[in-house]
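Asker: Just passing along the structure, written as C-alpha cells.
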Amino acid sequence: MDTQPQPFVPPHPTPRNRPPTRLELIRTTMRNPIEIWGEPSYSEPYIHVRFLGDTVLIANTPELIRHVLIDNAKNYRMARVRQLILRPILRDGLLTAEGEVWKRSRKAMAPVFTPRHIHGFAEMMKARVETFLNRYRDGAGTVRDIGHDMTELTYDVLSATLFSDDVAADGSDFADDVDRLLSTMGRVDPLDLLQAPEWLPRFRRLRGRGVLEKFRKVVRDTMAARRQTMQDDPASVPEDFLRLLLEAEKPGGLTAAEIEDNLITFIGAGHETTARALGWTLYCLANAPQERALIEEEIASVLADNPPPVEWLDRMPKTRAAFEEAMRLYPPAPTINREAIEDETFAFTDGGTIDIEKRTTVLVMPWVLHRHRLYWDNPDAFQPSRFWPENREVIDRFQYLPFGAGPRVCIGSTFALQEAVIALALILNEFRLEPTPELDPWPVQKLTVQAQNGLPMRVARRTQ
C-alpha cells in the first residue's frame, strides 16, 4: 500500500479550455497576464496565433528556444510591447537597453558579478540576514507578511553588498514603495497592447510617477554623495558596484543617465526577483512539511560543522533545490519577449520546419514552460527532488529558465542563488513559518510573479 504523502500543489490558474474573446483577452492581460494561457500552451511544442493584429509565436520546445535566445539571437530584439511596459521605469537600464548601450552596461557591470566577487559577499549576506532575524526573535508567535519581509531583507542585502550602505534612502518603507511602483508602472496598459506611441499617456501609470520619481531622486542623491566622497577622500571609497559604475562614466563608457538607469534597475528590480522567489519558497515549504523536514535536517547537519557561508550553496543541495523548484512554479520573470528582425525558417531535428516572419513576436514563457506537460511529471506540484543533484541531468537547459539564457542571461543569477540559500538556511534553522487562516495567495504578474493577497504566516521558534 502506497503511504507516500501527496505533494503539495500550490495555487495556479486553470488553463483555459476555449479561446478568449478579444475583450476577455484585453481585460485578462491588464488584470493578470498569466491567466490568459489555454491548455494548448501547456501541451504543444509551439503555437502560432494572431494577437490583436500581430503574429505571435509561443515557443515551448527547448530546441526552438535555444535558437531564438542563443543560436540566432542576432535576429531577435526586445519585443515592442515589453519595451513599452518596462522602458518608462528603467529607460536604458540593463534589462531594457539594446545595442551599444547594452554592451557598454554589461561590460561595466561584469567585474562585480565574477565568482570571486560574489563569494566575497557571503559573509556580509549572512550578517545582514542575522540582523534581519532579530525582528522574528523579538516577535516570535506573531503573524507577518513574509512577502513584504523578504522584500525588505533582499533590499538590505543589496544595499550592503553592492552599494556599501550608501543608498540615500529617506527612511520610508521600501517594500511598500516597490509594491506601489509595480502595481502602477509595472502593469500592462491597453495602449501597450495596441502598441500606441510612447508619447500617449498611460493613465494607469500616472499614479506611479510619484514613487518612480522618488526612486530616481534616491539614485541621483546616492550618485552625488559618492562622487563627492570620491573627490574628497578617494582612499575611503569601497570597491563596490556603485564605484565601478561611476568610474565607467567617461567618453566611450557610460553616461550619467545610463548609470542612473542601471542603479534604478538594480535597486528597484534587481532584488525584487529574489525576494518573490524566497517568499514563494517559504510558502511552499510551510505547506509541505515532509519537504521542510528534509531541508531542516540538511541545514542542521551542515551548520553543525560551522563552515563559512561561501560554502553553503554547494553543501546544501536540498535547500537550493527547494528554491529552484519554487522558481519553477513561480518564475520571478514569467515572460521573455523577442521580435524577429528578418524572416527566417527554423528546422527542427525531427525534420519539421516553421516559418518565422519579420516582426513576429516570439514568446518564451517560463510560466508556461515550467509547467509544460511534455517536459515535467506532475508539473503543478511542489517537488524539490527534481533539482537534487542526482536528478538534474534530465532537465534540459532550455526547459528551465528562471534567469533566462543567452547573451542576456541574468547577470546576478549566482548572487541570487547564494543569497537565497544563506537566507533560507538561517531562517529555517531557527524558525518555522506556519500557514494561517488568512493565507490565500494568488499568483499575479506585476513584472514579477507576486502573491496578490500577501503571504501572512505565523513565525514560530523551532524546538530543536
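Asker: Determine whether A196 is open to solvent by less than 30 Å² (accessible area, probe 1.4 Å), part of a loop (DSSP other than H, G, I, E, B) and within 30 Å of T28 (Cα to Cα).
Answerer: yes
Asker: Sticking with this structure for a sec: Restricting to the stretch 253-305, give me the number of residues that are outside any helix (DSSP H, G or I), surrounded by 23 or more Cβ atoms within 10 Å (Cβ to Cβ) and not hydrophobic (A, V, I, L, M, F, W, C).
Answerer: The number of residues fulfilling the criteria is 1.
Asker: Now for a different question. Can you confirm whether R338 is in contact with a helix residue (DSSP H, G or I) (Cβ under 9 Å, 6 or more places away or on another chain), surrounded by fewer than 21 Cβ atoms within 10 Å (Cβ to Cβ) and basic (K, R)?
Answerer: Criteria not met by R338.
Asker: For a quick check of your reading: which helices (runs of 4 or more DSSP H) sit entirely within the stretch 1-95 and have at least 3 residues that are under 25 Å from M185 (Cβ atoms) and in contact with a Gly (Cβ under 9 Å, 6 or more places away or on another chain)?
Answerer: Output list reads 80-90.
Asker: List the residue pairs whose Cβ atoms are under 8 Å apart, where the first residue sits in the stretch 381-399 and is farther than 26 Å from R292 by Cβ, the second is among the small types (G, A, S), and the two are 6 or more positions apart or on different chains.
Answerer: Between residues of the stretch 381-399 that are farther than 26 Å from R292 by Cβ and residues that are among the small types (G, A, S), the close pairs are R397/A405; F398/A405.
Asker: Which residues, counting only those in the stretch 306-333, are modelled with pLDDT of 95 or more, open to solvent by less than 10 Å² (accessible area, probe 1.4 Å), in contact with a Pro (Cβ under 8 Å, 6 or more places away or on another chain) and farther than 22 Å from P5 by Cβ?
Answerer: Of everything in the stretch 306-333, those that are modelled with pLDDT of 95 or more, open to solvent by less than 10 Å² (accessible area, probe 1.4 Å), in contact with a Pro (Cβ under 8 Å, 6 or more places away or on another chain) and farther than 22 Å from P5 by Cβ turn out to be M327, P331.
Asker: Still on this structure, I have one more. When you look at A122, is it open to solvent by less than 50 Å² (accessible area, probe 1.4 Å), under 16 Å from A420 (Cα atoms) and of a type in the set (G, A, S), yes or no?
Answerer: The answer is yes for A122.
Asker: If only one of R50, R66 is free of Cβ contacts under 8 Å to residues at least 40 places away in the same chain, within 27 Å of D350 (Cα to Cα) and either open to solvent by less than 50 Å² (accessible area, probe 1.4 Å) or not acidic (D, E) (or both), which one is it?
Answerer: Answer to the check: R50.
Here's the yes/no breakdown for (1) basic (K, R); (2) out of contact with any Asp or Glu (no Cβ under 9 Å at 6 or more places or on another chain); (3) open to solvent by 20 Å² or more (accessible area, probe 1.4 Å):
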site	(1), (2), (3)
L181	no, yes, no
T184	no, yes, no
R187	yes, yes, yes
P201	no, yes, yes
R209	yes, yes, yes
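Asker: In the list V449, V459, which residue meets the criterion of being touching a Ser or Thr at 6+ places or on another chain (Cβ under 7 Å) and in contact (Cβ under 8 Å) with a residue 60 or more places away in the chain?
Answerer: Only one candidate passes the filter, namely V459.
Asker: Just the residues that are open to solvent by 20 Å² or more (accessible area, probe 1.4 Å), modelled with pLDDT of 95 or more and among the aliphatic types (A, V, I, L, M), please, taken from the stretch 226-245.
Answerer: Those that are open to solvent by 20 Å² or more (accessible area, probe 1.4 Å), modelled with pLDDT of 95 or more and among the aliphatic types (A, V, I, L, M): M230, A235.
The values are calculated or read from the model by the stated rules, or taken from the named source; none is laboratory data. In this text, all values refer to a predicted model and were calculated from it rather than measured experimentally. Cβ sites come from the backbone with ideal geometry, for glycine too, and all protein chains shown count toward neighbours. Quick note on the areas: whole protein, heavy atoms, side chains included, nothing else; ligands and nucleic acids left out. Shrake-Rupley method; radii C 1.70, N 1.55, O 1.52, S 1.80 Å.
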